[in-house]
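Working notes, structure below.
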Amino acid sequence: MVAKIRESIDKHVKSHTHAWNGLYLIINSQLNFRVELFIGVIVVIAGFYFRLTLIEWYGIIFSSTLVLLAESLNSAIEKACDAITTQHHGAIKYAKDVSAGAVLVAAGAAIVVGFFVFGPYLIPLLPR
């Protein structure tokens, strides 16, 4: 019984090690991810500055996370496709284009959320 519990804990720790390694890899290898992460940090700082409501935080955190998730999956799909072949192949082009499009959709949605959340705070600051 104890051996099974120990084995389960070891598997769990190993899976977390792989996850942290994946996060390290995407941060160090993908400029777009770093840019999106930087923008996310700026948005969080702005959120504290403007004292966002809880529901506004939900929108900002969810949309920022969605962009980073989409970028991560896009990078994984591209790397997997490149491991199969670097020559032109219609199905691989489709997979890469669709995953890049998913990032675009997520980023567009995050921008819309940003306008809705920060607009009411920023409009009064504009010169009249």
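Here are some notes:
- Every residue from region 22-32 that is surrounded by fewer than 10 Cβ atoms within 10 Å (Cβ to Cβ) and either at pLDDT below 95 or aliphatic (A, V, I, L, M) (or both): LEU31
- Only one of VAL67, VAL35, VAL43 that is aliphatic (A, V, I, L, M) and either within 13 Å of VAL117 (Cβ to Cβ) or modelled with pLDDT under 95 (or both): VAL43
- Meets criteria (under 22 Å from ASN21 (Cβ atoms), hydrophobic (A, V, I, L, M, F, W, C) and part of a helix (DSSP H, G or I)) for ALA106: no
- Any pair with Cβ under 7 angstrom, 6 or more apart, that starts in region 96-123 at a residue that is closer than 17 Å to ALA80 by Cβ and at pLDDT 95 or above and ends at one that is of a type in the set (S, T, N, Q) and in a helix (DSSP H, G or I): SER99/ASN74; ALA100/ASN74; ALA102/ASN74; VAL103/ASN74
- Verdict on ALA76 being out of contact with any strand residue (DSSP E or B) (no Cβ under 6 Å at 6 or more places or on another chain) and exposed (fewer than 10 other Cβ atoms within 10 Å of the Cβ): no
- Subset of region 38-56 [touching a helix residue (DSSP H, G or I) at 6+ places or on another chain (Cβ under 8 Å) and assigned to a loop (DSSP other than H, G, I, E, B)]: PHE50, LEU52
- When each of VAL44, VAL103 is tested for being surrounded by fewer than 17 Cβ atoms within 10 Å (Cβ to Cβ) and hydrophobic (A, V, I, L, M, F, W, C), the lone residue that passes is VAL44.
The values are calculated or read from the model by the stated rules, or taken from the named source; none is laboratory data. Predicted model, so just to flag it, every value in this text is computed and none were measured. Note: ideal-geometry Cβ built from the backbone for every residue, glycine included; neighbour counts use all protein chains shown.
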